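The values are calculated or read from the model by the stated rules, or taken from the named source; none is laboratory data. None of these values were measured; they are calculated from a predicted model. For neighbour counting, all protein chains shown are included, and Cβ atoms are generated from backbone atoms with ideal geometry for every residue, glycine included.
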Amino acid sequence: MSERLPQQQTVDDWQLLALAGEGDEDAFRRIVERHQDRLVRLCQRLLHDREEALDAAQEVFIKAYKKAGKLKPKGELYTWLYRVATNHCFNKLRRRRIVRFLPIGNSLEEEPLGREPSDQSPAPDRQLAARERWRATRDAISRLPEGQRAVLVLAKFEGLSYRQIAETLQITEGAVESRLFRAMRNLSRAQESTRPRVSQGE
Amino acid sequence: MDRKTTNELMRLLHGELPDSVARELRDRLQREPELRRQFETLMQQWQSLELPDPQPAPPGFAMRVLARARQTTDQRLAPAWWSHTLAGRVATAMLLAGGIAFGAILASPSEAEDWHDYLAEEPTMAESYWVAMEQPVEDSWQENGS
């Protein structure tokens with residue numbers, strides 16, 4: 001699990017946003033620089049498309065810019081950014097599904113898988129195995145209902161605590177726990193069904 | 001595995017349990033092989049969820065966002081022609097009011113029917129002419145002569 005998000009930036013974030021609301025572009029640029037990697041990463045994990053993720057992250061920051069003078073400091077800014085990003089990505093996925101008349105998972109087949117496996121192994125068979133695992137994970141996650149998918153991605157890949165996820169998605173911690181339970185159960189079933197294909201690749 | 005146990009094990013896996021509760025559960029895992037097996041299965045499943053690390057935002061991303069935000073704000077602040085001056089606003093309001101009034105007249109069914117009835121009762125000049133022309137000339141002469 002990745003490390004938990006730092007919280008000491010909270011006050012500075014809101015102060016910067018207030019300054020951005022008064023027209024301070026440098027303050028806004030600092031907010032973007034501070035959160036851009038995190039937001040692009042989240043969007044990419046939800047959309048599975050680099051270019052769309054960059055567009056989505058940009059749109060989220062522009063929303064923040066437009067609301068800079070109106071947003072009242074509440075909790076941590078990144079949870080607001082994460083919430084807007086999650087909703088924005090799910091809206092994009094819904095539109096994509098309507099336009100393509102395909103389930104979300106099918107749109108991922110031709111997409112490049114991203115960075116090389118973390119072990120940096122040059123062995124092609126190990127790389128192939130890692131890619132198969134990624135593909136299986138991605139397909140399984142893509143087929144989860146939105147609520148479960150959001151909780152799982154935030155917990156597993158963004159390293160948020162239950163409290164942070166609850167704050168981001170504006171649900172209770174109990175709901176986070178429940179969605180995570182159902183997500184794991186669904187993934188377990190999906191992994192059972194794809195196991196023969198994955199093991200062939202290994 | 002029941003839901004309560006799974007949730008507890010998930011919380012243990014994520015470091016979400018208070019220290020005292022986590023210690024108790026770890027003790028149970030030592031004592032109960034079945035529970036330990038369940039925990040290992042869950043941990044294995046959790047760790048098997050692998051995705052490649054997404055690339056960070058490209059260089060210059062923040063400046064691109066800033067430029068786009070500036071552009072959006074400029075568009076938002078740019079006054080439309082009809083709201084730019086007081087005269088423009090008055091003219092727009094009058095046009096709107098005129099349009100609404102005209103629409104209301106056209107849409108009123110009773111008035112439209114009355115107008116049609118009036119036309120039906122009163123012959124036009126052309127109709128009067130042709131009615132007069134259809135009358136025999138002799139008749140009119142005789143009438144005049146007598």
In the range A:144-165, anything surrounded by fewer than 20 Cβ atoms within 10 Å (Cβ to Cβ) and not in a loop (DSSP other than H, G, I, E, B) is listed as A:E146, A:G147, A:R163
Can you tell me how many residues in the range A:41-89 are within 17 Å of A:K156 (Cα to Cα) and either assigned by TED's automatic domain parsing to the domain that holds A:A166 or surrounded by fewer than 19 Cβ atoms within 10 Å (Cβ to Cβ) (or both)?
1
